[in-house]
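The values are calculated or read from the model by the stated rules, or taken from the named source; none is laboratory data. Remember, predicted model here, so these are calculated numbers, not experimental data. For neighbour counting, all protein chains shown are included, and Cβ atoms are generated from backbone atoms with ideal geometry for every residue, glycine included.
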Amino acid sequence: MKQLGFLVHIEKCLGCRSCEFSCKNEHGHEDSFRRNIHSLEDEDNKMGHSFHHFSMACNHCENPACMPACPEGAIKKKPNGIVMIDKAKCSGCGKCVIFCPFDAIKMNPLTAKADKCDMCYDRQMQGKTTICVSACPVKALEIIDINDPKNADYDKSIYGFEMKKITNPSIRFHKKKEDIQHFWCR
Amino acid sequence: MLTIQEIISAPPFIHAEIMGGWEGKERSFSIVQNHSISLEEPSLLLLAKTQSTIMQLPEYLSNQDVQGILLYGNDDLLIPTTFMETADSYKKPVLMINEQNPESIKQKIADLKHLKSIGLFQYIWERSTSYWLQLMNERGLPGLLQRLCVFLGQNVLLLDEDFQFHSGNESPATSGQVALVKSLSNQPYKNKKEAFKIVENESGRYLLFHLQSGEKRCGFILLQELPGMMIDICIEQIIHAIPAIISYLMKEDAVKQAHRSYKELFLYNLLYNNLESENGLIQQGKQWGWDFTKTTQLMVMRLDRKTDFPNGNVDLDAIMRKIRSLISAAFLQAIIFPIQGNIVMIVFDTPDHTPKELKERMLVLANRIHKEIEHSLDTIECQIGLGRHYPSNMQLFRSFYEAKVALELGKYESRHRSVRHFEDIGIARLLSNVHNDLLHEYFEATLGELIVLDEENDDFYMVTLEAFYNHNGDINQTAEQLYIHPNTLRKRLKKLESILNVDFNQMEDMLKIFVALKIRKILK
């Protein structure tokens with residue numbers, strides 16, 4: 001079975017928030033973002049002079065804590081690994097918001113129902129990629145199949161960010177630095 | 001000269017019904033005659049299917065120049081079995097076809113003879129492939145194998161790619177064939193280019209044809225080399241039937257794959273809340289004989305290699321077979337399948353038990369499975385997590401999540417247990433749902449000072465505290481583990497109490513430190 005997940009290229013991410021705003025344009029509503037940019041101190045420079053950024057939304061966990069928490073059984077995991085909320089079943093109790101260890105679920109003030117990243121399920125069904133991936137100007141975001149052996153070498157966590165591992169989040173980080181490009185000659 | 005076995009490979013004779021005397025299929029003839037009186041050389045006798053000719057069959061068969069008889073016509077006449085026995089005793093084939101015109105039959109045989117004389121009989125063999133494909137569509141694999149056995153006059157065995165007898169074989173194998181197949185399965189098969197290879201054992205020589213489609217090996221056909229058989233004709237007949245057999249086996253394989261993937265998808269949907277209704281669950285389950293009207297419970301098994309044995313293969317199928325036999329001894333039915341590197345067991349039970357009894361029954365079963373698996377596989381460490389029982393089978397996804405959490409949180413227990421129920425994992429169950437930053441904050445506030453002191457002064461306060469809790473507050477046992485005198489430990493504990501601002505005689509304080517130590521393990 002597939003398990004789709006986000007691959008974040010840490011060294012590429014500029015923290016420009018294009019992914020956040022494109023997601024908001026596509027699905028969003030006022031005062032709420034499905035996707036958030038996190039900024040952290042760099043591992044090599046703990047003095048705070050250097051930061052890295054990464055973008056995170058729902059991690060479509062392999063073992064999603066929100067799914068059994070929902071009393072209505074409104075949260076399901078599709079065969080491609082995407083965790084979705086059935087809006088028709090959701091009663092808006094907000095239990096899933098508490099249980100999600102990544103704060104990925106928010107209450108939509110307009111519908112009073114839970115709302116989270118569905119990895120642009122409708123776009124994917126049309127053969128398109130997610131809006132955040134297509135909006136990233138530096139290609140710092142990618143959708144990958146976590147279960148594919150060729151993706152086994154990516155990191156499961158990132159320095160400085162506490163990841164709850166019990167849910168086995170389907171997010172991977174790529175930290176390798178690209179070679180510095182010199183545009184001038186001595 | 002044509003043999004009767006050759007003409008039966010060509011249309012329309014390929015559709016002929018073999019009435020008897022097929023042991024003499026190697027008989028050859030030079031001419032086709034309508035009447036036996038004027039025979040002067042080996043002939044195939046062509047007779048109209050009428051009552052009078054049938055009554056004269058024994059007389060025709062007794063003529064030494066008659067090599068075989070071909071009856072033609074559409075009349076539905078009964079041929080007495082004694083006449084066929086006569087054909088068998090003379091070893092002269094009697095064939096029956098539905099053609100009406102004897103001249104056209106003669107012409108077709110003359111054409112075959114001509115093709116053979118100029119070395120183009122290969123075209124006839126090639127045309128026979130479409131006959132086998134058509135026969136496969138009409139009568140399936142058993143029908144094709146049966147017809148092939150009739151043509152070759154002996155039992156042809158179909159083997160799968162692992163040298164196991166295919167279920168399509170209708171006739172049982174002889175003891176010699178069984179022994180040969182067993183020896184073949186024990187040695188690697190190397191031949192990939194030739195159409196067949198010769199293998200032999202005490203029971204005789206055999207031709208082993210391999211069924212290969214591109215790079216994929218589909219199986220084998222085993223044919224015994226009998227004395228006097230026309231080996232080249234038999235080989236041609238089999239080689240031209242092979243495409244039809246391969247197409248059937250490929251189709252069968254595709255159906256199996258589709259069935260397997262559909263089953264996997266159904267089980268995935270069941271465990272990840274993708275099914276719409278209980279009725280749908282019951283109906284879909286029926287396809288595989290699973291009765292989801294019964295009470296179900298779930299457990300998840302994780303197998304890890306022991307650190308002493310980092311290498312080696314694990315035969316998951318054998319483990320699952322073992323589990324199945326253990327479960328079937330005590331429960332109605334079970335679904336056992338691998339998912340995400342774990343083995344999931346869904347057990348069907350009678351609804352007569354209370355939830356407490358159901359839990360006890362599952363714990364007993366899980367302990368038995370754990371004991372058996374660890375006993376039979378020394379290199380494997382087996383852990384089992386159990387979820388709670390829910391009244392509706394639609395809630396199995398909750399049970400699955402709980403079983404996985406029980407497995408995962410078992411790592412943070414101070415007492416090692418290989419079988420863990422979600423209800424028994426204690427405070428870790430609550431902590432697993434608290435955000436990591438909150439946990440971190442709590443831990444820092446409770447034990448942060450102690451860690452700083454340990455780092456600065458090279459002290460062992462943290463080690464002492466952990467050992468004290470691991471031994472349930474027993475001074476003597478803790479001192480023994482730390483290789484210090486109990487009074488030294490008492491002194492250290494007093495110091496710890498003053499640093500942490502707690503009293504180890506107060507339950508609330510003890511719990512506060514216990515939770516912080518648990519969080520430490522979780523955050524690690």
**OP:** Look through the range B:388-400, keep the residues that are of a type outside the set (G, A, S), touching a helix residue (DSSP H, G or I) at 6+ places or on another chain (Cβ under 8 Å) and assigned to a loop (DSSP other than H, G, I, E, B), and return whichever of them is farthest from the other protein chains (Cβ to nearest Cβ).
**Re:** B:H389
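So how many residues does the range A:67-88 have that are more than 10 Å from chain B (Cβ to nearest Cβ) and of a type outside the set (S, T, N, Q)? Working first, answer last.
Step one: of the range A:67-88, the residues more than 10 Å from chain B (Cβ to nearest Cβ) are A:71-72, A:80, A:82, A:85, A:87-88.
If we keep only those that are of a type outside the set (S, T, N, Q) as well, we get A:71-72, A:82, A:85, A:87-88.
Here the count works out to 6.
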Original post:
Within the range B:370-407, can you find the residues that are of a type in the set (V, I, T) and surrounded by fewer than 22 Cβ atoms within 10 Å (Cβ to Cβ)?
Top reply: B:I373, B:T379, B:I380
**OP:** Would you please name the residue that is farthest from the other protein chains (Cβ to nearest Cβ), looking only at residues in the range A:158-176 that are assigned to a loop (DSSP other than H, G, I, E, B) and aliphatic (A, V, I, L, M)?
**Re:** A:I158
Subject >> the range B:249-275 - residue that is away from every other protein chain (no Cβ under 14 Å) and among the small types (G, A, S) and, of those, farthest from B:L141 (Cα to Cα) >> reply: B:A258
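Given the criteria of a type in the set (G, A, S) and in contact with a Gly (Cβ under 9 Å, 6 or more places away or on another chain), does B:G214 qualify? Lay out the reasoning, then the answer.
On the way: of a type in the set (G, A, S): yes; in contact with a Gly (Cβ under 9 Å, 6 or more places away or on another chain): no.
Answer is no for this residue.
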Subject >> Given (1) within 14 Å of chain A (Cβ to nearest Cβ); (2) among the small types (G, A, S); (3) in a loop (DSSP other than H, G, I, E, B), index of the condition B:A403 fails >> reply: (3)
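From A:C96, A:C136, grab the single residue that is in contact with a helix residue (DSSP H, G or I) (Cβ under 8 Å, 6 or more places away or on another chain) and more than 25 Å from B:Y401 (Cα to Cα). Even if it seems obvious, please write down each step before you answer.
Numbers: A:C96 fails: more than 25 Å from B:Y401 (Cα to Cα).
Testing whether each residue is in contact with a helix residue (DSSP H, G or I) (Cβ under 8 Å, 6 or more places away or on another chain) and more than 25 Å from B:Y401 (Cα to Cα) leaves just A:C136.
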Original post:
Within the range B:106-124, restricting attention to residues that are in contact (Cβ under 8 Å) with a residue 24 or more places away in the chain and under 49 Å from the mean Cα position of the chain (by Cα), which residue is farthest from B:H15 (Cα to Cα)?
Top reply: B:K116
Subject >> Hey, B:Y442 within 14 Å of chain A (Cβ to nearest Cβ) and farther than 15 Å from B:K518 by Cα or not >> reply: no
Original post:
Among the residues of the range B:127-168 satisfying the criterion of being in a strand (DSSP E or B) and among the hydrophobic types (A, V, I, L, M, F, W, C), which is modelled with the lowest pLDDT?
Top reply: B:F165
Subject >> Candidate set: the range A:105-117, residues that are in contact (Cβ under 8 Å) with a residue 40 or more places away in the chain, assigned to a loop (DSSP other than H, G, I, E, B) and more than 14 Å from chain B (Cβ to nearest Cβ); chosen: the one farthest from A:I37 (Cα to Cα) >> reply: A:L110
Original post:
If you scan the range B:419-464, which residues turn out to be free of Cβ contacts under 8 Å to residues at least 60 places away in the same chain, in a loop (DSSP other than H, G, I, E, B) and crowded, with 19+ Cβ neighbours inside 10 Å?
Top reply: B:I425
Original post:
For the range B:406-416, how many residues meet the condition of being of a type outside the set (F, W, Y) and either in a helix (DSSP H, G or I) or more than 25 Å from B:K512 (Cβ to Cβ) (or both)?
Top reply: 6
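Among the residues of the range A:129-141, is there at least one that is more than 14 Å from A:E11 (Cα to Cα), in a loop (DSSP other than H, G, I, E, B) and either under 19 Å from the mean Cα position of the chain (by Cα) or at pLDDT 90 or above (or both)?
At the first step, the residues of the range A:129-141 found to be more than 14 Å from A:E11 (Cα to Cα) are A:129-135.
Narrowing further to those that are in a loop (DSSP other than H, G, I, E, B): A:129-130.
Among the residues that remain, those that are also either under 19 Å from the mean Cα position of the chain (by Cα) or at pLDDT 90 or above (or both) are: A:129-130.
Within the range A:129-141, one or more residues are more than 14 Å from A:E11 (Cα to Cα), in a loop (DSSP other than H, G, I, E, B) and either under 19 Å from the mean Cα position of the chain (by Cα) or at pLDDT 90 or above (or both).
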Subject >> For A:F102: the one exception among (1) assigned to a strand (DSSP E or B); (2) within 14 Å of chain B (Cβ to nearest Cβ) >> reply: (1)
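Out of contact with any Phe, Trp or Tyr (no Cβ under 8 Å at 6 or more places or on another chain), at pLDDT 85 or above and in the same structural domain as B:E408 (by TED's automatic domain parsing): which single residue out of B:L377, B:L363 fits that description? Let's see the steps before the verdict.
Numbers: B:L377 fails: at pLDDT 85 or above.
Result of the check over B:L377, B:L363: B:L363.
Give B:E278, B:E372, B:E360 a once-over and let me know the one that is touching a helix residue (DSSP H, G or I) at 6+ places or on another chain (Cβ under 8 Å) and away from chain A (no Cβ under 14 Å).
Details: B:E278 fails: away from chain A (no Cβ under 14 Å); B:E360 fails: touching a helix residue (DSSP H, G or I) at 6+ places or on another chain (Cβ under 8 Å).
Only one candidate passes the filter, namely B:E372.
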**OP:** Could you pull out every one of the strands (runs of 3 or more DSSP E) wholly within the range B:270-384 that has 1 or more residues that are among the charged types (D, E, K, R)?
**Re:** B:295-305, B:342-349
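On the basis of being in contact with a strand residue (DSSP E or B) (Cβ under 9 Å, 6 or more places away or on another chain) and assigned to a loop (DSSP other than H, G, I, E, B), does B:S171 make the cut?
yes
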